[in-house]
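Working notes, structure below.
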């Protein structure tokens, strides 16, 4: 899996997708927003029923709450299952690959993204998916510079905090 989601909207910046972290990155995007993602990613809903029942229950609880703080108990259960069950990790790795491929396809589709900020001044990059949906990508604020003296000629990079889909009215 390529770790980089390249945004066409913010030239000279790369946003890396972080795997395996329930609070940020690809796993976070899946855990928090799987109902919306399943409507756009073929085969994703079939995979969700594969992890252990306790993990599925925690996943449903995390998705249902307003914020991550309210899901602390379910996050602990989810992380415990994630740590102790290799088959669950492999399943979630596959979901992250699918989410990554979907995000990359939308972000590189050529649709003109819109950069906005939320009430807290955090960037939100919006990509039109179709007439009824918009992909919102939230990058982190901390952008790191490449180390030029080591021959690193990449542009500055940051991380994709989360991504989710919203319905367009």
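The values are calculated or read from the model by the stated rules, or taken from the named source; none is laboratory data. Because the structure is predicted, anything quoted here is derived from the model rather than measured. Using ideal geometry, Cβ is built from the backbone for each residue, glycine included, and neighbour counts are taken over all protein chains shown.
Applying the set (1) out of contact with any strand residue (DSSP E or B) (no Cβ under 7 Å at 6 or more places or on another chain); (2) under 21 Å from residue 125 (Cβ atoms); (3) surrounded by fewer than 18 Cβ atoms within 10 Å (Cβ to Cβ) to residue 27 leaves exactly one unmet item: (3). Can you confirm whether region 34-50 contains a residue that is farther than 30 Å from residue 168 by Cα and touching a helix residue (DSSP H, G or I) at 6+ places or on another chain (Cβ under 6 Å)? Among the residues of region 34-50, at least one is farther than 30 Å from residue 168 by Cα and touching a helix residue (DSSP H, G or I) at 6+ places or on another chain (Cβ under 6 Å), which makes the answer yes.
Considered as a group, the residues in region 48-77 that are more than 17 Å from the chain's Cα centre (by Cα), assigned to a helix (DSSP H, G or I) and touching a residue at least 24 places away in the same chain (Cβ under 8 Å) include one that is farthest from residue 133 (Cα to Cα), and that residue is 54. Taking the criterion of being assigned to a loop (DSSP other than H, G, I, E, B) and either surrounded by 16 or more Cβ atoms within 10 Å (Cβ to Cβ) or at pLDDT 90 or above (or both), the residues of region 83-124 that qualify are 85, 111, 113.
Only a single item in (1) outside any strand (DSSP E or B); (2) modelled with pLDDT of 85 or more; (3) in contact with a strand residue (DSSP E or B) (Cβ under 8 Å, 6 or more places away or on another chain) is not met by residue 141, and it is number (2). Only a single criterion out of (1) in contact with a strand residue (DSSP E or B) (Cβ under 8 Å, 6 or more places away or on another chain); (2) at pLDDT 85 or above; (3) not in a strand (DSSP E or B) is not satisfied by residue 134, namely (3). Is it fair to say residue 80 is over 19 Å from the mean Cα position of the chain (by Cα), surrounded by fewer than 16 Cβ atoms within 10 Å (Cβ to Cβ) and at negative phi? Taking the combined requirement at face value, the residue satisfies it. Give the number of residues within region 17-46 that are over 22 Å from residue 140 (Cα atoms) and at pLDDT below 90. Selection size over region 17-46: 0.
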